[in-house]
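First the structure, in the form of structure tokens, and then the observations on it.
The values are calculated or read from the model by the stated rules, or taken from the named source; none is laboratory data. From a predicted model like this one, the values you see are computed outputs, not experimental measurements. A quick note on method: Cβ atoms are made from the backbone with ideal geometry, for glycine too, and the neighbour counts reach across all protein chains shown. Areas reflect the complete protein model, heavy atoms only, side chains present, ligands, DNA and RNA absent. Shrake-Rupley method; radii C 1.70, N 1.55, O 1.52, S 1.80 Å.
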Amino acid sequence: MSKRATKKGQQAKKARKVSVPQNAEKKGLSTGSKVVVAAFAVILALSMMLPSLAGLFGGGDSSASPTTIEDIDSRYGEIAEPLEKKVAADPTDMESVLELGRAYMNWGYNISYLASVDDETLHANELFSKAIQMFDSYLASNPEDAGQVKVDRALCLLYAGETSNARTALETITAEDPDNAVAWANLGLVCEISGDTEAARTAYSAAIEHDPDNAQGAKSYASSRLLALNTSGSSSEGLSSTLRDLSDT
């Protein structure tokens, strides 16, 4: 084995040996929910595009997609390590703080998609917790893009299976910033996940209203979901049923 391969193997092992907070929970997305959430990944990550596994590992070659958690840990470990050093050296480097938060978020998202046992779900949720900590540090600096980062923070809660908390966070964002079309679109999805289709319709309509030119992609997504909800009850019922167990309400 080459020295490079050995180093990657060591990084993977190091990344997997994470300390889990005492209050960490094992809940996460069910297998069925992961598939559906992945299908909605574009809107879930409208505020910061999550790289696909294929794109991250092979420049769009689907055959290069990782098949193990170790592969993901190794790749994201390489991304996060220099950022962690930058933040440790200068906690006021908000650009690095935000970049690290998004690296943790992407890392956790991809781990959660492949997670099949409790330890892997805990690993993903710890990464989401780390992402939230970075986002909170960044938000404390009162950045101009606070609304966008708040949405990212809420999505970490959703990916971790904390649907009601994600909904509360998104409702707060839309109350404080009614023009945030991305927040409205994501709130619509969370409401659908919770089975509250009327609230979902309201949120999707608001997303369309505040993104009339589809500059953020919120209008096209919200329009497609409204059409699905309004065309037939079976469409909305199917989505809500598939995702029901993701809700913690």
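Going through the cross-link list Lys130/Lys150; Lys85/Lys150; Lys150/Lys219, which pairs have a Cα-Cα distance over 18 Å in this structure? Walk me through the numbers before you get to the answer.
Details: Lys130/Lys150 15 Å; Lys85/Lys150 24 Å; Lys150/Lys219 20 Å.
Lys85/Lys150; Lys150/Lys219, as the Cα separations exceed 18 Å there.
Just to confirm, what accessible area per residue do you get for the range 171-219 at 1.4 Å probe, in whole Å²?
Value for the range 171-219: 40 Å² per residue.
Determine the per residue accessible area of the range 65-123 with all protein chains present and a 1.4 angstrom probe, expressed in square angstrom.
44
Pop the C-beta distance of Ala88 and Asp179 into the FRET formula with R0 = 41 Å and round what comes out to the nearest 0.05.
Efficiency, rounded to the nearest 0.05: 0.65.
DSSP loop GluC sites (Glu not before Pro) in the range 95-175 with at most 10 other Cβ atoms within 10 Å of their Cβ, which ones?
Glu144
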